[in-house]
Each structure stands twice: as structure tokens, then as C-alpha cells.
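Structure record follows, encoded as C-alpha cells.
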Amino acid sequence: MARATFLDAIRQAQQEEMERDERVFLMGEDVRCNVFGTTTNFVDMFGDERVRDTPISENGFVGAAGGAAMVGMRPIADVTISSFLYPAMDQICSIIAKSRYIYGGQAKLPLVIRSCLFYGNSNAAQHSDRPYSMFMNMPGLKIIAPSNAYDMKGLLKAAIRDDDPVLSFEDSTCWMAKSDIPEGEDLVIPLGKGDIKREGRDVTIIAIAGAVNTALKAAKELESEGISAEIVDPRTLVPLDKELILQSVRKTGRAICVDVAHQTCSAASEISAIIVENEFESLKGPVLRVTTPDTHLPFSPHIEKPLYPTVERIVAAAKKVVGQRQPA
Amino acid sequence: MSKIGDNDPKLEKYRRMQRIRQFEAKAEAIHAQGEIPGALHTYAGMEASGVGACMALRDDDYMVGNHRSHGHPIAKGAELRPLMAELLGKKTGVCQGKGGSMHLSDFSMGSLGETSIVGSGGPVVAGAALGAKLQGSDRVALCFFGDGASSEGAIHEGMNLAAVWKLPAIFVCENNRFGMSTPTSDAVAGENVADRAHGYGIPGVIVDGQDVDAVEEAVREAVDRARAGKGPTLIETKTYRYGDHAVNMGRELTPRGPEHEDWLKRDPIVLYRERLVESGIDEATLDAIEKEAGEAVEDALKFARESEYPEFAEAFDHVYSERLPIPEDVQAHA
């Protein structure tokens, strides 16, 4: 075992897969300069044909990843910050998500589109998006949103090996957090398998990406108040491990969905609907969502920080659904 | 099955143009009677552009086209049966009934899609060319796009990427004078799309799109250049669309000008036939090729008509590499 950060887990996953399979190559804006530390020494190791700096041209190079995948490569397109996915929506939605289908299975697009969720650090509305739920509404794409370094490494390696296009959303609030990662072991976590991050009896908290860590802190606080919270981390949003979520809700009878994305049509909304449709009989109270409200993210930290799901909001939601009165 | 004039590229060009023209004439007729669902965008008038370009490609070279998709696969040599079956929405269609008229793409012929978001093939072609380069193969990738698509950012991004990385790509702008109802002159700044090549530092070539030999020669030069590692070329074929944006819409959307009659007088198939006859090919051979093309279209239609529709479960196939389950409530009422 060795301690590694979330960012280093990304580096390890990319490096191991590029060593394992020469069809894997990496391209994106400023990847050679190693802007976030996920491509350390990559040019020396793999050469500049497989480690490509692109023009500022997201629709161009994301689409080129699609074209390269169709002819047998396994590209990783590094889109830096998830807000930069928007210029590439055309290629992601019309080409990458749909080509296998439209052409009746003739096209195969094994590729990974990586981008980070760059919120919470005074980067204002155009750099702070958490847009994974938009892509959950587009069949044909798989989506990972890990919450710790161990999962990040295992899921990214699975994503690179997957035969379908995978969007990897990497939460920047997790970047510096460390996990124990086994050395010399091929760590691959299958897509579509969630994980119970903490067992509990009274309420199930399903949390997405960095919100898992906020929820774990909330669970500790709730424990001191006699509420036992179970934390479910789906890890993969598409395909979603519905059974793991429903099993937990069957046990606790209560559910809260925590999501740093905007509330409307969020992953939290979808998971809430799945719970209500399938486990209504098990529920002892309403399914609650703790999300970012439907406003934009402002620059000033004084008004930005309170918009995201906080420990306090999760604790309050748990008390509400478990039935304890909140302190006056 | 051997065909008249097999292995003679001169006759093959004539054959492919005839097959496109007759395939579409049949499709348009049965579309009018409701046998083909959805919209039908015909390529008639533009046959020399597609056939000339594809004759300069090898079978294993890549190609991406657009919603006006009937001509490109036939130009590249695809079989007609799966194409006609696709138009009828049958399981035996080239896309198993999931693509239809806008997406006649035969991957076994090097196609990587006929995409109906115009211009979106630009980045795909750059990527296919990049893939070929990284694999050390000498394949090239060709992008067909229209004058309308030339205004899309995706085309610029694809060409810029191909130029900056010196990729083995060829961009063929089939300027058929109209983007749906809008004349090119109202939508495209500058006189020629090909002039934009200068901005990328690549060759820009304008060619008579009604002259199949001229198109082939221009594309062949671009292909040689691409295979030699010298990067992409932008070629503009000046051509003309005979049909409306889509046919059988009930009213004509395309504002025809006085030049319409001039274009009809320069029909690419008639022009090429005259040239072949002048070069000593006898009329009977050309008549036989024409007849053979008609028979191939009839055979394709018979095959399509006799084919089954896809099973409902296939609507859930090919979203991912594993088939999706059918929701119970949907299955119950399917």
C-alpha cells in the first residue's frame, strides 16, 4: 500500500493503461505542461505523438477522439474543466453518444473524456459547472464521478478499457485527498458498481462525487446525536447501481440525495425518483434532496460557499426525515 | 457477380454515377407513395462530385459524409441491397433500420458515418486521420461537407486540427449552391470556400463538380499529398442540387435562379457519357451498364421489400456495447 492523492491516482491510471495498451493516447489543452499533475513525465515516457497538446478547440479534439476511436484507437480527451465540455456538446451528443446506435452497431467508440468539477474556489459561474446530470439525459454515454483516490484510479482504468464512451467527472475538492492504493496490483473497479462508504441503520444518504466526503462528515455529527446514517456512493452515474441504493433504502426506510449539481434534473432528482417509484412501501418519510440551488455560482466566496451542500444542511435534512426536532 | 466493364475505372465511374442516379429516382418515386418514411435528401446532380472523389480513394480509406447520404456510399462502391433496405426501415438495412435516409453509411467500405448535423464530420475525419497516423498506416480520411456546413465551427476546427498536425485528411466541400433554401451567396462570406485554405496554410483547390474526371484528379493529388505526410487539402467542387432540400415536401423551398437551366444542361452523367463515347467506348456498352444499374436497383428494392422489420427489442440495442433492458411498462404496451 502507498498513500496517493486523487490527482496522482489519475496519473497512475493513465500511465498504467498507456503502458499496457499502445492504442491508448492522451490529448487535450496543455497536457504536456502537466497543469494539474496528472501527466508527470508523460512526454518522456510516451513521446509527443501519444501525449498531444491540442489547440483551444474542444469540439475539434473531442470529436477527433471520436474519429480516432472509430478507427481502433482508445483516446483519452482531457477537457481540463467541465465547463469546457459545452463547446464540444455537438460532438459528444451527436457523434460520440449516437454513432454506435445510428449505424446499427457498425461504429465502436472506446474513449474517455476527462474533465474536472472546478467549483468552490471563486472561479465564477463560467468555470464552476458540475454538468454530469446533463449527460445522464443522453443515452450512449457512461459516466463516472468518483469521490476518493482509490475509486478514481480503479474506475478510470475500467473506463479506459471500456468499449463505450465514458465521461470522467473529477471533483477538484477531492484532488488532494489521499487513499491507500495497492502497489503492483491491477486496480480495476467495474463500472456500474456503487459502494457503501459507511454503514448505518436510520437513514440512507446517497451522495455524488465530492458530496460523499461532506456526507461522511455529516454522518459523524449525526452519530453523536444518535442518528445512524448509511452513506451510499454510486461512483458511476451511468450505469447506475440502482439495486445497491434500493437495498439500503429498504433497510433504513429513509433517503437523502446529496448532489453538488444544480437541483433541477440533477442526479439527486433522478435517484429520488427511482427510490420513490421502487421503494415507496419502505419509505417512512419523504425523499429529500440536498443540492446546489438553481442560481449561478458567484465569484465572491462569501456568497458562493453557502450554496453547495454543507454538513449543516445534510444534518438538518437527516433530522427532518428521521423525525427529530431541530434545535430552535 | 461479374459486371460489364469490371476492372475498367473509366466504366466504373459511369456505373457508379448511374447507380446513384437510378437508386435515387426509385427512392424518390416510392417515397412519394409513402413507402419510405421520414425525409429524403437526394444527391441528384452531384454524382460527379462523390464518384470522382471516391474513385481517388482506396477501399480501406476512410470517409465521412452528411445527411445527403445516398450518393457517398454508392460512390465508394457499397452494395445497394442494404442501402435500399435501410431506406425502408428494415432489419437488413445497412444500419439495421436505425439510421435511414440521412445515415446510409457502410463501414465495410471505409465509411465512418453520414452525419446529419452538418459540419460535424470535420472533427471525426481529423480524428480518423490522426488514428491512421498513430497506427503507422497510410490510410487517408476524406470529409464531404456542403457549402452550408462551411459556416459551422466544427468544419473550421476539424480543418485547423488536421492542418496543425499535418494529418492525412482531405476536405471536400460540395458546393451545391444552396443550404436548404439559402443561396450560398447569402451565407458564405468570400467568393469561394476553398479560399479559406490559405488561412490554414494548406492547398485550396476549386474544381468543376460536374466533371467526374476533374474531381478525381484533384482529389487524387490531395490523397497523394496526404499519404506522403504533407497534410490536408481543401477542395471545393462547384456542383448543383437538382432536387429540393428534401424531396416530396409539397412545395419548393429552393429559390431557383436563371442559372438553373444552365446547370441542367451540364448534367454530370450526360457530360461523362459524351466524353466516353468520344474516347471510343461504344454506346451499347454504356447502355448495358445503365440497364445493369437499373436491374441492381430493382433487385435491391425487391430485397428490401421482402426483408423483415427490426424486432422492438432492437430499439434498445447498440446504445452501449451491451443491449439495454426494455422497461416493463414499455414492453407491456409495445
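The values are calculated or read from the model by the stated rules, or taken from the named source; none is laboratory data. None of these values were measured; they are calculated from a predicted model. So basically every Cβ, Gly included, is an ideal-geometry build from the backbone, and we count neighbours across all protein chains shown.
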Could you identify the single residue in B:Ala197, B:Ala218, B:Ala187 that is surrounded by fewer than 18 Cβ atoms within 10 Å (Cβ to Cβ) and in contact with a strand residue (DSSP E or B) (Cβ under 6 Å, 6 or more places away or on another chain)?
-> B:Ala187
Counting only residues that are farther than 11 Å from A:Pro165 by Cα and in contact with a Pro (Cβ under 6 Å, 6 or more places away or on another chain), which one in the range A:81-115 is nearest to the other protein chains (Cβ to nearest Cβ)?
-> A:Gln91
Residue check: is B:Ser321 among the polar types (S, T, N, Q) and either under 24 Å from the mean Cα position of the chain (by Cα) or within 17 Å of B:Pro82 (Cα to Cα) (or both)?
-> no
Kindly establish whether B:Cys173 is more than 7 Å from every other protein chain (Cβ to nearest Cβ), at negative phi, touching an Asp or Glu at 6+ places or on another chain (Cβ under 6 Å) and not in a helix (DSSP H, G or I).
-> yes
Across the range B:243-287, what is the number of residues that are among the aliphatic types (A, V, I, L, M), within 23 Å of the chain's Cα centre (by Cα) and outside any helix (DSSP H, G or I)?
-> 4
With B:Ser137, B:Ser105 as the choices, which residue is within 19 Å of A:Cys93 (Cβ to Cβ) and assigned to a loop (DSSP other than H, G, I, E, B)?
-> B:Ser105
Which of (1) among the aliphatic types (A, V, I, L, M); (2) within 11 Å of another protein chain (Cβ to nearest Cβ); (3) touching a residue at least 40 places away in the same chain (Cβ under 8 Å) is the odd one out, the single condition A:Val35 does not satisfy?
-> (2)
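Being touching a helix residue (DSSP H, G or I) at 6+ places or on another chain (Cβ under 7 Å), more than 7 Å from chain A (Cβ to nearest Cβ) and either buried (at least 24 other Cβ atoms within 10 Å of the Cβ) or β-branched (Val, Ile, Thr) (or both) is the filter here, so list the residues in the range B:112-131 that pass it. Write out each step before concluding.
Looking only at the range B:112-131, we keep the residues that are touching a helix residue (DSSP H, G or I) at 6+ places or on another chain (Cβ under 7 Å), and these are B:112-120, B:122-131.
This time we only want the ones that are more than 7 Å from chain A (Cβ to nearest Cβ), so: B:114, B:116, B:118-119, B:122, B:129.
Hits for the range B:112-131 are B:Glu114, B:Val118, B:Gly119, B:Gly122, B:Ala129.
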Close pairs from the range A:265-283: first closer than 20 Å to A:Ile314 by Cβ, partner of a type outside the set (D, E, K, R) and assigned to a helix (DSSP H, G or I), Cβ under 6 Å, at least 6 apart = A:Ser266/A:Ser133; A:Ala267/A:Ser133; A:Ile275/A:Val249
Mind listing whichever residues of the range A:55-75 are assigned to a loop (DSSP other than H, G, I, E, B), under 14 Å from B:Glu157 (Cα atoms) and facing chain B (nearest Cβ under 7 Å)?
-> A:Pro55, A:Ser57
Starting from residues that are surrounded by 24 or more Cβ atoms within 10 Å (Cβ to Cβ) and touching a Leu at 6+ places or on another chain (Cβ under 9 Å), keep the ones in the range B:132-160 and report whichever is farthest from B:Thr237 (Cα to Cα).
-> B:Ala132
Residues that are closer than 19 Å to B:Lys98 by Cα, away from every other protein chain (no Cβ under 14 Å) and in contact (Cβ under 8 Å) with a residue 60 or more places away in the chain, drawn from the range B:43-74 = B:Arg68
Please go through the range B:278-329 and pick out each residue that is β-branched (Val, Ile, Thr) and within 14 Å of chain A (Cβ to nearest Cβ).
-> B:Val319, B:Ile326
In the range A:155-173, residues that are surrounded by fewer than 24 Cβ atoms within 10 Å (Cβ to Cβ) and in contact with a Gly (Cβ under 8 Å, 6 or more places away or on another chain) total 3
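The rows are residues; the columns are (1) among the basic types (Lys, Arg); (2) more than 24 Å from A:Phe135 (Cα to Cα); (3) in the same structural domain as A:Met152 (by TED's automatic domain parsing).
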residue	(1), (2), (3)
A:Arg11	yes, yes, yes
A:Glu16	no, yes, yes
A:Asp44	no, yes, yes
A:Phe61	no, no, yes
Filter result (in a strand (DSSP E or B) and surrounded by 15 or more Cβ atoms within 10 Å (Cβ to Cβ)) within the range A:184-200 = A:Asp195, A:Lys197, A:Arg198
Filter result for the condition that a residue is surrounded by fewer than 24 Cβ atoms within 10 Å (Cβ to Cβ) and of a type outside the set (Asp, Glu), over B:Ala75, B:Ala56 | B:Ala56
Within the range B:187-232, which residues are in a loop (DSSP other than H, G, I, E, B) and small (Gly, Ala, Ser)?
-> B:Ala189, B:Gly190, B:Gly201, B:Gly209, B:Ala228, B:Gly229, B:Gly231
